[in-house]
């Protein structure tokens, strides 16, 4: 059965898109059939995989019933990985869906039409807790929270956890926290203190893998490649390879 995972944190700049792209690519390189859904109007997940705004239908058109979901799925630079791209028009969807019945379920219903030839669907959420993120959390079975290892990375985390609890209570009782992924880790005392604080609060819900600050992770998107294909020996690539393995282990354990 296919698994749907949301990558979410309402704070920007914490590595959501980097995590979504490299997890999706890692799963595809491991033999999974993967679709990455870019739920962020900035469209960075698409450009990170060589898919740019060329006027073709995107997630926006699918959400407002102007296009079939099959028509918005595009190939990427990675075999086995396809993407539903996004664009700036997606900002308007928040307003246009306000009057739609079951608006929080629009993405879930859209993804049911994807078919069974998919093993994993990864949702790259925008840096907000608006209607698009609520749609993603309602559609997902699991959630990964990337958390930057800096003081401001902790801000708003409690609000996200509260939102997840409300979504679970009112919209999606099957949603579970797969784990918190520590990102942009450095060897400073502050970074280590944040890591300790997060592990103390979330316990075994913190992934053992921590993603370091790495120049290659920042360079790879400009080449339209995940870091595993851009520089497989870099510390960023090795970290995301370990994270992908850990994610798969969690997925297997949760399905038992």
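Computed from the coordinates by the stated procedures, all read-outs in this text should not be read as laboratory data. Since this is a predicted model, take the numbers as computed values, not measurements. When we count neighbours, we look across all protein chains shown, and the Cβ atoms used for this are built from the backbone with ideal geometry, even at glycine.
Quick notes on this one:
- In this entry, the range 126-191 is assigned a mean projected area of 4.5 nm², taken as a quarter of its C-alpha convex hull surface.
- Fluctuation leader among 79, 119, 101 - the chain, Gaussian network, Cα springs under 10 angstrom: 101
- Highest to lowest packing among 8-19, 61-72, scored as the average C-beta count within 10 Å: 8-19, 61-72
- Largest GNM mean-square fluctuation across 154, 59, 27, computed for the chain with C-alpha springs under 10 Å, falls on 154.
- In the chain, Cα pairs under 8 Å separated by at least six residues give a relative contact order of 25 percent.
- Rg ratio (alpha-carbon, reference 2.2 N^0.38 Å) - the range 69-221: 1.16
- Of all beta bridges that DSSP places with both ends in the chain, some 5 percent have antiparallel geometry.
- Over the chain, DSSP H runs of length four or greater, each weighted -39,500 (n - 2.57), average out per residue to a 222 nm ellipticity of -12000 deg cm²/dmol.
- Once you divide the Cα radius of gyration of the chain by 2.2 N^0.38 Å, the number left is 0.94.
- Cα Rg, Dmax (largest Cα-Cα span) when computed across the range 152-256, Å: 15.8, 44
- Within a Gaussian network of the chain (alpha carbon springs, distance under 10 Å), most fluctuating of 163, 183, 58: 163
- Here the residues 195, 184, 1, ranked from fewest to most Cβ neighbours within 10 Å of their Cβ, fall in the order 1, 195, 184.
- For the range 1-93, the convex hull drawn through the C-alpha positions has a volume of 101 cubic angstrom per residue.
- Each residue of the range 21-159 gets 118 Å³ once the volume of the Cα convex hull is shared out per residue.
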